[in-house]
Each structure stands twice: as structure tokens, then as C-alpha cells.
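Trainee: Sending over a structure as C-alpha cells; questions will come in a sec.
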């Protein structure tokens, strides 16, 4: 029986000729990741179990990105605990304030993930690296502790949904719209325990940054992972970042998929998800005019250079509406530098945006942009659950950077195409 | 014992909001458990209570703080139509019992007296006089639970040192 891309990667890492959906396996890991919220819990479990050895100091990444630069004393103590552990085991890929970025933008940028590799991360958006043709999935802190100690993780081999992309984007449509549309179609548990395997001639139209956005939100459909085939766009991204040998996997011609979803990129319109589920989607024209008090542009979903560019091009020469706070947080130091060199940061600041050092803060209501009672934000992040960014009465609308930027200009949900005429 | 009943897609942000993740002590987490979906939960929950919920319980963030907070409240188990996959493996890895059974999750009402047998997977609603069979764990997963969690099982096998 044919295998999917994911199944082939898992078979190889489990040392098996083939695997099938539902099979329980133990796979070798190429990278184990944690952040400043999940790593301390992993360290506590690691120590509680009396463990004293890690499997490979080069294959563990610890990124202090969630509550940093530290928002309070308790967060600072958690960071100190992670810092001490990284020092104790001489962890090569430890990223602290000044070098760190939002983890899922940082690891690919640093060349720490390559096609065909297997990655677990104690962060649900670890599925992002599927954009590079890797198998990567989010786990909890105990899995992280076990992964650090053994270089192994247990998996139930997932079945898969095939997502076939056709055509090319119209203006102001991007990877975020693909994924919000897909989640709206299949639901927040539509891919529960499954892989989302992307393919079709439309893939070549997607920039690497769009692919990262799409794979990043596989978890919002309940997916175990989201994965793309490797092509020239992937190879161009890897060039200069990854020097070790890697292997690209393609699905077998007779790979088994539970279903296929076809998305015609030409037909996609800018799409938003209304409170309080990422599946509560509408095209932007259906909800234009909803007032917002805050705009958040950034995160592991949409904080990369293409995202900042799309926001800056809309905000350049315009002003953020009175009564609206627009916070932009490029996801890594390198993205910040590139955005500065391209003039994006100047355009954003002149428009009245607050531009932040990398942090996950506002996405999860941690810091750097928490909402008040009854406030509504439009945000390029990934979750709009009750209370995610503030009190239970606050609301989040998920969108692309282009829609978020256009909405910042008008103070209400706005189709960027219509902004041209204003 | 009491039953707390919730709907579909109970996410980890409402189980334990991110503003409380700066103190991962289980007792501290327990004092805020379910805060954004049921403000009275943490003050009324007692040892041996059961949470019954709809589909996709524990969706969203990978925070292990979510099952840790429920466990630290003394909740005996969560019975749901289905579980989000990271919550599912986190519960197994920390040795917290979860039971997947759509019929039981549908039928059980708050106020019912419910007993569970983890060995057999049998859920009994004594108030309604009904029993259901939860989906069994695979042997591999059962081994992790029997060892008292993932790290103990890896140590017992000699692969974690």
C-alpha cells in the first residue's frame, strides 16, 4: 500500500520499510524544541524522573520567546530556569533576548530544520516546519523531556487529507486566506489526528512565507502536521541555511488519502475568522465595517518579511485610524533588519504603528497588547478563542496582514482592495 | 462526586488561560482551572469529580499545564466525544485518565452519579442506570499509563538515563 509524505518520513525515522495509518511507532528525532513556558515544565519532569543525560546537545532548541523580554518576576524565574538548564547541558541552539525570535520563524531561518527531518516541539505550532517538507508536530512538556533524554518520540501514524491547490492568487490574497478558507471548510477538528498534505500545481505559486503560514495553522484544523512537497522555492530558501544532507519525500502514486479538498487560488477572497473559533470564517466583504480597537500584525503565523511587506505597503503614506492601536512585531531580529533595510519599519512607524521586538506576547494575551473588556482586535495570529488576548468579553478576528493593515487605516474590518479607492 | 458538563471545542486557553502560565506549580494552576469557561469551577470542584465534554476537548495550545491543572483539582477523569491530539498525549504522558466515548459524553447529565472502571473502560451512570464502553487504549499506550507516565516507562526500559 502506498504511503503519504508523512508516512514515508515516519517509516524512515522508525527504521521500518513501511508504516500504515493507525500503527504506533517510536521515531528518532532530528530536533526537540521548547520555549520559556513549556521548557521549565519539561525540566521539572526531567529532574523529577532523575534524568541526568540528554541525547544530543546540537539537536535541542530552546527559544525564550513567549513572555520575553520578561513581563513579570515569575516569567523571569522561568526564563532563568531554562537558561540554567541550557548552560548545564551546553545546549547549542539556545536563543535568549537579543538573538531570539518567534521560535517557528527562527528555527527555519537558522537552518535548524531540513526536508525529511522529524521534529517535535513543546508548542502546538511546531507543525510550521512542514512547509519545508519535514514532519514536525506539537507535543507537551513531558514529550519534550523524553525527547531531550532519548531522542525518541512515540507516534500514531496519521492518515491524511490531501489538499490540492490550483491556480494563482489574486491581489491581496495570501497563505493566510488559504488556511482560513480550509479551516472554514473542514472545521477545527476536520483534520483531527491527521496530516494535511498539500500538493497540486498551485503550490509553486506560493512563496515560502505563505507555506509557513499555511503549515503553521494545521493545528487549528486539529491536524497532527501539515506538509508541502519540496520544490525550487524550498531549495532556494534552504540554500545558504542548511549545509547538512537532507532528503525530500514525495507521496507514492497510490498513497491513501481519507479525502481530497481542492482549493482554487483564483477563487479565494480575503478571508477572516470571526470570534471565537478559527473555523468561523467569512470573506471580508461579508463583515466589512465591524469596528476594531486594536490591530496585531506578526506572530509565528504572519510575522515574516512578506507579511511585514504586505502590511507596510498598505500603511505607507497612510495613518492608523484615531482610536486604533496597531502593533507590529516582526518575528525575528533578521526579519526586523531586513524590514528596516527595505523601509517597511519606517513606513509603519510613520503611519502610527508600534513596532515591537520579537515576542509571542500579544497572540496569547501574555503582554505587549492585551485587550480590555469588550474590545475587539483584528489579528494576523492563529487563535481567536474566548479570552485568548484579554478578558472573556474581548474578541479577536483573524486575518491576513493585508486585511489587518487596511483595517488599521479605517478602524473597522476593511477589504484592502477597497482601500485604494478611499 | 459531581459531573461538570461542557460543550464542543473546550480549548486549552479556557482550561488554563495564558496569564496564569507564569506559575506552573500544579496547585497554582488548579486555582485557575476552567476560569474562562466556568468561573465557579475551581472553587466548587472536589476530589473525584468528573468532567464530561463534547468533541475536540483540549484543542489549541500544547500547554501541558491544561491536563496538569485538571489533575491537580482532583478531577478523576475527563470523558469526551473526542480529544484534541496534543491534550490526548499529554494526559497519557502525565498519567491522567481520559476516556473517549461519544454516547456517554452525550447522555451523562450534571448531577448524575457516575462511576468509571479504567481497567475495563466501562462507564456507569448509576442515576440513569446505563453503562457504556469507552474506546480502549492500545497496549503501547496502556504500558505508559501503567508505568505512571512516559518518563517512568522510558526509564524502566533503560532508554532514558
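The values are calculated or read from the model by the stated rules, or taken from the named source; none is laboratory data. Please read all numbers here as calculations on a predicted model, not as lab measurements. Because the Cβ atoms are built from the backbone with ideal geometry, glycine has one as well, and the counts that use them run over all protein chains shown.
Trainee: Here's a check for you: in the range B:94-137, which residue that is touching a residue at least 60 places away in the same chain (Cβ under 8 Å) and surrounded by 15 or more Cβ atoms within 10 Å (Cβ to Cβ) is nearest to the other protein chains (Cβ to nearest Cβ)? Quick ask: steps written out before the conclusion?
Mentor: Residues of the range B:94-137 touching a residue at least 60 places away in the same chain (Cβ under 8 Å): B:108-114, B:116.
From what is left, the residues that are surrounded by 15 or more Cβ atoms within 10 Å (Cβ to Cβ) are B:108, B:112, B:114, B:116.
Details: B:108: 21, B:112: 26, B:114: 24, B:116: 23 Å.
The selected residue is B:108.
Trainee: Next up: Determine, yes or no, whether residue A:146 is within 10 Å of another protein chain (Cβ to nearest Cβ) and surrounded by fewer than 24 Cβ atoms within 10 Å (Cβ to Cβ).
Mentor: Working: within 10 Å of another protein chain (Cβ to nearest Cβ): yes; surrounded by fewer than 24 Cβ atoms within 10 Å (Cβ to Cβ): no.
Criteria not met by residue A:146.
Trainee: Can you name the residue in the range B:55-75 that is more than 7 Å from chain A (Cβ to nearest Cβ) and farther than 23 Å from residue A:48 by Cα and is also surrounded by the fewest Cβ atoms within 10 Å (Cβ to Cβ) among such residues?
Mentor: B:58
Trainee: Then there is this: Would it be correct to say that residue A:49 is facing chain B (nearest Cβ under 8 Å), surrounded by 15 or more Cβ atoms within 10 Å (Cβ to Cβ), more than 25 Å from residue A:109 (Cβ to Cβ) and touching a residue at least 60 places away in the same chain (Cβ under 8 Å)? Quick ask: steps written out before the conclusion?
Mentor: Details: facing chain B (nearest Cβ under 8 Å): yes; surrounded by 15 or more Cβ atoms within 10 Å (Cβ to Cβ): yes; more than 25 Å from residue A:109 (Cβ to Cβ): yes; touching a residue at least 60 places away in the same chain (Cβ under 8 Å): yes.
The answer is yes for residue A:49.
Trainee: Now for a different question. Of the numbered conditions (1) within 11 Å of chain A (Cβ to nearest Cβ); (2) part of a strand (DSSP E or B), residue B:91 satisfies every one except a single condition; which is it?
Mentor: (2)
Trainee: Inspect the range A:333-351 for any residue being touching a strand residue (DSSP E or B) at 6+ places or on another chain (Cβ under 6 Å) and in a loop (DSSP other than H, G, I, E, B) and give the result as yes or no.
Mentor: No, the range A:333-351 contains no residue that is touching a strand residue (DSSP E or B) at 6+ places or on another chain (Cβ under 6 Å) and in a loop (DSSP other than H, G, I, E, B).
Trainee: Continuing with this model, one more query. Being within 14 Å of chain B (Cβ to nearest Cβ), more than 19 Å from residue A:63 (Cα to Cα) and crowded, with 24+ Cβ neighbours inside 10 Å narrows it down to one of A:132, A:180, A:196, so name that one. It would help to see each step written out before you state the result.
Mentor: On the way: A:132 fails: within 14 Å of chain B (Cβ to nearest Cβ); A:180 fails: within 14 Å of chain B (Cβ to nearest Cβ).
Step by step, each of A:132, A:180, A:196 is checked, and only A:196 is within 14 Å of chain B (Cβ to nearest Cβ), more than 19 Å from residue A:63 (Cα to Cα) and crowded, with 24+ Cβ neighbours inside 10 Å.
Trainee: Which condition breaks for residue A:87 when tested against (1) under 30 Å from residue A:259 (Cβ atoms); (2) more than 14 Å from every other protein chain (Cβ to nearest Cβ); (3) surrounded by fewer than 18 Cβ atoms within 10 Å (Cβ to Cβ)?
Mentor: (1)
Trainee: Considering the range A:1-46 alone, what residues qualify as being crowded, with 21+ Cβ neighbours inside 10 Å and farther than 21 Å from residue A:129 by Cα?
Mentor: A:19, A:40, A:41, A:42, A:43, A:45, A:46
Trainee: Inside the range A:21-46, can you point out the residues that are more than 30 Å from residue B:27 (Cβ to Cβ) and within 14 Å of chain B (Cβ to nearest Cβ)? Even if it seems obvious, please write down each step before you answer.
Mentor: As a first pass, look at the range A:21-46 and keep what is more than 30 Å from residue B:27 (Cβ to Cβ): A:21-31.
Residues satisfying the conditions are A:21, A:22, A:23, A:24, A:25, A:26, A:27, A:28, A:29.
Trainee: Residue by residue through the range A:319-363, note down the ones that are farther than 23 Å from residue A:396 by Cβ, in contact (Cβ under 8 Å) with a residue 60 or more places away in the chain and more than 22 Å from the chain's Cα centre (by Cα).
Mentor: A:319
Trainee: If residue B:33 satisfies all but one of (1) buried (at least 23 other Cβ atoms within 10 Å of the Cβ); (2) within 16 Å of the chain's Cα centre (by Cα); (3) within 11 Å of another protein chain (Cβ to nearest Cβ); (4) over 16 Å from residue B:82 (Cα atoms), what's the number of the condition it fails?
Mentor: In the conditions (1) buried (at least 23 other Cβ atoms within 10 Å of the Cβ); (2) within 16 Å of the chain's Cα centre (by Cα); (3) within 11 Å of another protein chain (Cβ to nearest Cβ); (4) over 16 Å from residue B:82 (Cα atoms), residue B:33 misses (3) alone.
Trainee: Hey, another quick one. Tell me whether the range A:245-264 contains one or more residues that are modelled with pLDDT of 95 or more, over 30 Å from residue A:1 (Cα atoms) and away from chain B (no Cβ under 14 Å).
Mentor: Scanning the range A:245-264 turns up no residue that is modelled with pLDDT of 95 or more, over 30 Å from residue A:1 (Cα atoms) and away from chain B (no Cβ under 14 Å).
Trainee: Can you report the number of residues in the range B:1-29 which are over 23 Å from residue B:105 (Cβ atoms) and assigned to a helix (DSSP H, G or I)?
Mentor: The first filter runs over the range B:1-29 and keeps only residues over 23 Å from residue B:105 (Cβ atoms), leaving B:17-29.
Filter again for assigned to a helix (DSSP H, G or I), leaving B:18-20, B:26-29.
Residues meeting the conditions: 7.
Trainee: Run down A:312, A:273 and say which single residue is under 27 Å from residue A:355 (Cβ atoms), within 14 Å of chain B (Cβ to nearest Cβ) and in contact with a helix residue (DSSP H, G or I) (Cβ under 6 Å, 6 or more places away or on another chain).
Mentor: On the way: A:312 fails: within 14 Å of chain B (Cβ to nearest Cβ).
So the residue among A:312, A:273 that is under 27 Å from residue A:355 (Cβ atoms), within 14 Å of chain B (Cβ to nearest Cβ) and in contact with a helix residue (DSSP H, G or I) (Cβ under 6 Å, 6 or more places away or on another chain) is A:273.
Trainee: Would you say residue B:145 is touching a residue at least 24 places away in the same chain (Cβ under 8 Å), within 14 Å of another protein chain (Cβ to nearest Cβ), closer than 27 Å to residue A:386 by Cβ and in contact with a helix residue (DSSP H, G or I) (Cβ under 8 Å, 6 or more places away or on another chain)? It would help to see each step written out before you state the result.
Mentor: Details: touching a residue at least 24 places away in the same chain (Cβ under 8 Å): yes; within 14 Å of another protein chain (Cβ to nearest Cβ): yes; closer than 27 Å to residue A:386 by Cβ: no; in contact with a helix residue (DSSP H, G or I) (Cβ under 8 Å, 6 or more places away or on another chain): yes.
In short, no.
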